[in-house]
Amino acid sequence: MFKLNAERSDVTWDQALRAARPAVANALEKVLEGRDLDAADGLQLATVTSADLLALVKVADELRRRVVGDRITYVVNRNLNFTNVCIVGCAFCGFSRGPNSPDAYFHSPDKLVAKSVEAVEQGATEVCIQGGLPKDLNGYYYVDLLRAIKARLPQLHVHAFSPMEIDYGVEKTGMPLGEYLLMLREAGLNSIPGTAAEILDDDVRGLLSPNKLKVGRWIEIIRAAHGLGIPTTSTMMYGHIEQPEHWVRHMLLLREIQRETRGFTEFVPLGFVHYQTRLFQRGGARAGHSEHEDLIVHALARVLLNGYIPNIQVSWVKLGFSASLACMEAGANDFGGTLMEESISKAAGANFGEYVSPSEFRALIRRIGRIPAERTTTYQIRNVFEHPTVDEQLPERAIPIDMPILNTPEHHAAEPAIGY
Ligand code: SF4
């Protein structure tokens, strides 16, 4: 268990509040009274240490309890990455390949339908689909894929295509954004990953991924989707070149969008995994997210988004189990998705990656005294596991932070399962 948490788990939120500096305590009292925090409050909280950090964590945990109770939710899903070929060249991405790379791949709709069928047979309620952006992509590939999956599995929730991919589809087809989204929705798109957000600041984006869509376009696509009744998630990548003020501005921007649209289902902080990335190798970034940052970012999200986005998700693949559980005690309430891809591979005799089953998730959740519940993508509860079942066992191995399954498109690297 996370050291910071284990040492201080017996302190109550009001005790912690009394030990904090006045400026920090005032901001936390404000949010406890149901008032929105502003940028100055956010910056105050984004840079806390020691007793102030403990107060932030404890108050975030208390807000989580008041808003969503003691359940920790998860979704049973499968990630489908249809291609790793990409022309965008983000400096933080360890996933993309050139078209002639020996390990480049591009899956047909038929293959992805077959994988979706396998997923449903193993209990999945969602497939999460994203991929690279190949130069010669047919702009109608996304819609063909949706139609193929829905023709076979009409009930399956398809959570797919980041704003970057939507933008690419619009560019390739020449269709107006609204019409393109409508076409996807009619073909069966149920929700969109709010990835490709990284940090919503064009100066930071210029250093991370100059070829990626700008902040204004990301917002335009998200607003258009919400306007058409297509919900999205929201994400933020931290632990690279950004500073605490960027976290605050990013979260407040999401809050403003949510105030208007109510279309975000959740917020997912994504710790930057620096291994095998140009961004880190050329000396332009920190060595990934720290435990201190993990706690602050998740707790900060709970307090800044209070009243707007009720679900704060941990990306357990990036954080590992110990830090994920610590963040669950610092404001987070959702474990994201299961690694269906790995379970099927293992069932087929493969010996790679890590497999974490829903029952292992539930065992982890019980370690911190909370109640596991399986949900749908849009947070309808499917099953609450009030009492332990005989199959609940902790995973045998910890998740190493650089395990092979991280080799997935970073622009979706959040959310359920492998991330995105
Ligand atoms: S993060 Fe996504 S868009 Fe950027 S290079 Fe990787 S696959 Fe391409």
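Does GLY229 meet the test of being within 16 Å of the ligand (Cβ to nearest atom) and small (Gly, Ala, Ser)?
no
Restricting the stretch 370-420 to residues that are polar (S, T, N, Q) and at pLDDT 95 or above, which is surrounded by the most Cβ atoms within 10 Å (Cβ to Cβ)?
THR377
Inside the stretch 151-166, can you point out the residues that are assigned to a helix (DSSP H, G or I) and either touching an Asp or Glu at 6+ places or on another chain (Cβ under 6 Å) or closer than 13 Å to GLN130 by Cα (or both)? Break it down into steps so the answer makes sense when it comes.
Step one: filter the stretch 151-166 for residues assigned to a helix (DSSP H, G or I), giving 151-152, 163-166.
PRO163, MET164, GLU165, ILE166 - these are the residues of the stretch 151-166 that are assigned to a helix (DSSP H, G or I) and either touching an Asp or Glu at 6+ places or on another chain (Cβ under 6 Å) or closer than 13 Å to GLN130 by Cα (or both).
What residue, among those in the stretch 107-123 that are at pLDDT below 95 and of a type in the set (Gly, Ala, Ser), is most open to solvent (accessible area, probe 1.4 Å)?
SER108
With the requirement that a residue be part of a helix (DSSP H, G or I), under 18 Å from GLN258 (Cα atoms) and within 16 Å of the ligand (Cβ to nearest atom), what does the stretch 175-224 give you?
Scanning the stretch 175-224 gives VAL215, ARG217, TRP218, ILE221.
Out of everything in the stretch 77-92 that is within 22 Å of HIS289 (Cβ to Cβ) and crowded, with 22+ Cβ neighbours inside 10 Å, what residue ends up being nearest to the ligand (Cβ to nearest atom)?
Step by step, filter the stretch 77-92, then rank; the result is CYS90.
Collect the residues in the stretch 149-202 that are closer than 22 Å to VAL268 by Cα, among the acidic types (Asp, Glu) and surrounded by fewer than 21 Cβ atoms within 10 Å (Cβ to Cβ), keeping them in residue-number order. Reasoning before the result, please.
Step one: filter the stretch 149-202 for residues closer than 22 Å to VAL268 by Cα, giving 157-167, 189-202.
Pick out the ones that are also among the acidic types (Asp, Glu) and you get 165, 167, 198, 201-202.
Scanning the stretch 149-202 gives ASP201, ASP202.
Please specify each residue of the stretch 127-143 satisfying the condition of being small (Gly, Ala, Ser) and either touching a residue at least 60 places away in the same chain (Cβ under 8 Å) or within 10 Å of the ligand (Cβ to nearest atom) (or both).
Selection gives GLY131, GLY132.
Based on this model, can you work out whether ASP61 counts as in contact with a helix residue (DSSP H, G or I) (Cβ under 9 Å, 6 or more places away or on another chain), at pLDDT 95 or above and under 30 Å from ARG21 (Cβ atoms)?
Details: in contact with a helix residue (DSSP H, G or I) (Cβ under 9 Å, 6 or more places away or on another chain): yes; at pLDDT 95 or above: yes; under 30 Å from ARG21 (Cβ atoms): yes.
Considered against the rule, which asks whether it is in contact with a helix residue (DSSP H, G or I) (Cβ under 9 Å, 6 or more places away or on another chain), at pLDDT 95 or above and under 30 Å from ARG21 (Cβ atoms), ASP61 comes out as yes.
Is there a residue being more than 16 Å from the ligand (Cβ to nearest atom), open to solvent by less than 20 Å² (accessible area, probe 1.4 Å) and not in a helix (DSSP H, G or I) anywhere in the stretch 54-64?
Scanning the stretch 54-64 turns up no residue that is more than 16 Å from the ligand (Cβ to nearest atom), open to solvent by less than 20 Å² (accessible area, probe 1.4 Å) and not in a helix (DSSP H, G or I).
Conditions first: (1) modelled with pLDDT of 90 or more; (2) on the phi > 0 side of the Ramachandran plot. GLY320 passes all but one, so which condition is the exception?
Only one criterion is unmet by GLY320, namely (1).
The values are calculated or read from the model by the stated rules, or taken from the named source; none is laboratory data. Note that the structure is predicted; figures quoted are calculated from it, not measured. Heads up, the Cβs are rebuilt from the backbone with ideal geometry, glycines too, and the neighbour counts pull from every protein chain shown. Surface areas here come from the heavy atoms of the whole protein model, side chains and all, with no ligands, DNA or RNA. Shrake-Rupley method; radii C 1.70, N 1.55, O 1.52, S 1.80 Å.
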